[in-house]
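Asks: Dumping the structure here so I can ask a few things about it.
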Amino acid sequence: MKIHFIAIGGSAMHNLAIALHNKGYQITGSDDTIFEPSKSRLANKDLLPLTLGWYPEKITTNLDAVILGMHAKPDNVELLRAQELGLKIYSYPEFLFEQSKQKTRVVIGGSHGKTTITSMILHVMNYLEIEVDYMVGAQLEGFDTMVHLTEENEFIVLEGDEYLSSPIDRRPKFHLYKPNIALMSGIAWDHINVFPTFENYLEQFSIFTDAITPGGIMVYNQEDEHVKNVVENSKNTIKKYPYTTPNYTIEEGTTLLDTPEGDLPLEFFGKHNLQNLAGAKWICLHMGVGEEEFYEAIESFKGANKRLEKIAENKEAVVFKDFAHSPSKVAATTKAVKHQYQNRHLLACLELHTYSSLNAAFLKEYKGALNAADTAVVFYAPEAVAIKQLDNISEQQIKNAFERDDLIIYTNPEDFKNFLFQRNMENSATVLMSSGNYGGLNFDEVKHLL
């Protein structure tokens, strides 16, 4: 097949392009900006566009399909040309579904935890040398790409994002996969720019549940009331498997999971991650993995990239970075680090970086999210607010939203960096939470804090 990617440089898009190239498809693509690591990875496969920009002449009737990325606009000249020629235009999730129609589709959904759960499942399968197709939202240790597609594998494991499918398809991605086996980890309002009310956001998960094939399976976090209500009130003829946080203890900074074979030391920690493990275990069992095999494999799982990733440690201090940005993720991550290092001073730093987090109407959702920290810092760049064309937010608004009077707020990247690098790190735990980089913070330099 000959396939052209409009906006090939995206994190998900370039991985799909490489996966299809590896499968033997003829791939071309365009984009107006391509950053690392996409740029080098595309270049290594001779898929990097020779020049940046959009070129309608690349769109011809010789193409079997066009795949449209979210970075493109509805008036993109290549898209308009494809529509004019009547070519088949797929969104990213639509094409993944086309590639997996004959497979058992396993879809991991939820506002939080889905990347980690998908990563856990793939780690177990890789450890046990069980070949599966997959799409996951982070680069995993031991995996070359974030997307892998074959003709022969029975299962495909898909991370089910609730964000929009493409500029011309406003359906959430996970509505398109029609899973045979699904998981729902948690529901906490996000993407306020697309789902303006919580009720509207909640509805997307009901649609996801109802899209499971009749007779299929839903594994769900029974401790999340919204998840519980959505799944248990669904009239879809599916089998429902609830999970809860498994029993565990913490000894000298190591989490020990209670299993039938005794305490199992884990490389990761946090109640939310133990919940993730419980969900991943159910999914693996439904994919044919034995319970003992699961425990043997999960012992060596170190965590998904940028999810409570340890970047520095000595006898006195430890530093983590985490992708957490939504209120529920921030609260879970902060509590997890404090629980794991109860006798240390916890510094929790959060960058407000996404559209939702910088929206004055959404700020109140962060109430109490940093309460577990001994010292709490929020960084945001006023210019990011302006770029997103949002109303200005003040430091007092942020303090009021978090309901923490001692909250430290920085808007200048150098001021934040100086604060971080001049701290006494003795007997401390630090977590840096952001989907950005605090205005240019080099995380390799952070390693030298200790």
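Asks: For the stretch 251-299, which residues satisfy the criterion of being closer than 26 Å to Ser11 by Cβ and loosely packed, with under 15 Cβ neighbours inside 10 Å?
Replies: Of everything in the stretch 251-299, just one residue is closer than 26 Å to Ser11 by Cβ and loosely packed, with under 15 Cβ neighbours inside 10 Å, namely Glu267.
Asks: Within the stretch 1-45, track down each residue that is among the basic types (Lys, Arg) and either surrounded by 16 or more Cβ atoms within 10 Å (Cβ to Cβ) or over 21 Å from Gln83 (Cα atoms) (or both).
Replies: Once the filter is applied, which keeps residues that are among the basic types (Lys, Arg) and either surrounded by 16 or more Cβ atoms within 10 Å (Cβ to Cβ) or over 21 Å from Gln83 (Cα atoms) (or both), the stretch 1-45 yields Lys23, Lys39, Arg41, Lys45.
Asks: Just checking, how many residues over the stretch 322-335 are under 28 Å from Glu445 (Cβ atoms) and touching a helix residue (DSSP H, G or I) at 6+ places or on another chain (Cβ under 6 Å)?
Replies: 3
Asks: To continue, here is another question. Given the conditions (1) among the charged types (D, E, K, R); (2) within 14 Å of His4 (Cβ to Cβ); (3) out of contact with any strand residue (DSSP E or B) (no Cβ under 9 Å at 6 or more places or on another chain), and given that Lys73 satisfies all but one, which numbered condition is not satisfied?
Replies: Every condition holds for Lys73 apart from (2).
Asks: If a residue has to be part of a strand (DSSP E or B) and surrounded by fewer than 20 Cβ atoms within 10 Å (Cβ to Cβ) to count, how many in the stretch 138-186 make the cut?
Replies: Matching residues across the stretch 138-186 total 4.
Asks: Could you grab me the full set of residues in the stretch 47-95 that are more than 15 Å from Gly9 (Cβ to Cβ) and either part of a strand (DSSP E or B) or of a type in the set (Asp, Glu) (or both)?
Replies: Glu57, Asp64, Ala65, Val66, Asp75, Glu84, Ile89, Tyr90, Ser91, Glu94 - these are the residues of the stretch 47-95 that are more than 15 Å from Gly9 (Cβ to Cβ) and either part of a strand (DSSP E or B) or of a type in the set (Asp, Glu) (or both).
Asks: Being assigned to a loop (DSSP other than H, G, I, E, B) and at pLDDT below 95 is the filter here, so list the residues in the stretch 6-23 that pass it.
Replies: Gly10, Lys23
Asks: Can you tell me which of Glu131, Glu98 is part of a helix (DSSP H, G or I) and exposed (fewer than 14 other Cβ atoms within 10 Å of the Cβ)?
Replies: Testing whether each residue is part of a helix (DSSP H, G or I) and exposed (fewer than 14 other Cβ atoms within 10 Å of the Cβ) leaves just Glu98.
Asks: I need a count of the residues in the stretch 334-346 that are touching a strand residue (DSSP E or B) at 6+ places or on another chain (Cβ under 8 Å) and either in the same structural domain as Phe198 (by TED's automatic domain parsing) or in a loop (DSSP other than H, G, I, E, B) (or both).
Replies: The number of residues fulfilling the criteria is 2.
Asks: Counting only residues that are aliphatic (A, V, I, L, M) and in the same structural domain as Lys173 (by TED's automatic domain parsing), give me the strands (runs of 3 or more DSSP E) lying completely in the stretch 198-299 with at least 2 of them.
Replies: Counting at least 2 such residues, we get 217-221, 254-259.
Asks: Also: Step by step: first the residues of the stretch 334-359, then only those that are more than 19 Å from the chain's Cα centre (by Cα) and farther than 23 Å from Phe416 by Cα, then the one that is surrounded by the fewest Cβ atoms within 10 Å (Cβ to Cβ). Which residue is that?
Replies: Ranking the candidates gives Asn343 first.
Asks: Only one of these is in contact (Cβ under 8 Å) with a residue 60 or more places away in the chain and within 24 Å of Leu176 (Cα to Cα): Lys23, Lys101. Name it.
Replies: Lys23
Asks: Just to be sure, is Gln83 surrounded by 13 or more Cβ atoms within 10 Å (Cβ to Cβ), under 18 Å from His148 (Cα atoms), out of contact with any helix residue (DSSP H, G or I) (no Cβ under 7 Å at 6 or more places or on another chain) and not hydrophobic (A, V, I, L, M, F, W, C)?
Replies: No.
Asks: Residue by residue through the stretch 110-128, note down the ones that are over 15 Å from Ser185 (Cα atoms) and assigned to a helix (DSSP H, G or I).
Replies: The answer is Leu122, His123, Val124, Met125, Asn126, Tyr127.
Asks: Hand me the list of helices (runs of 4 or more DSSP H) wholly inside the stretch 347-450 holding 1 or more residues that are modelled with pLDDT under 95 and in contact with a helix residue (DSSP H, G or I) (Cβ under 6 Å, 6 or more places away or on another chain). Full working, then the answer.
Replies: Numbers: elements: 382-387, 395-402, 413-421, 443-446.
Hits in the stretch 347-450: 395-402.
The values are calculated or read from the model by the stated rules, or taken from the named source; none is laboratory data. Treat the numbers as computed from the prediction; the structure is a model and nothing was measured. Cβ sites come from the backbone with ideal geometry, for glycine too, and all protein chains shown count toward neighbours.
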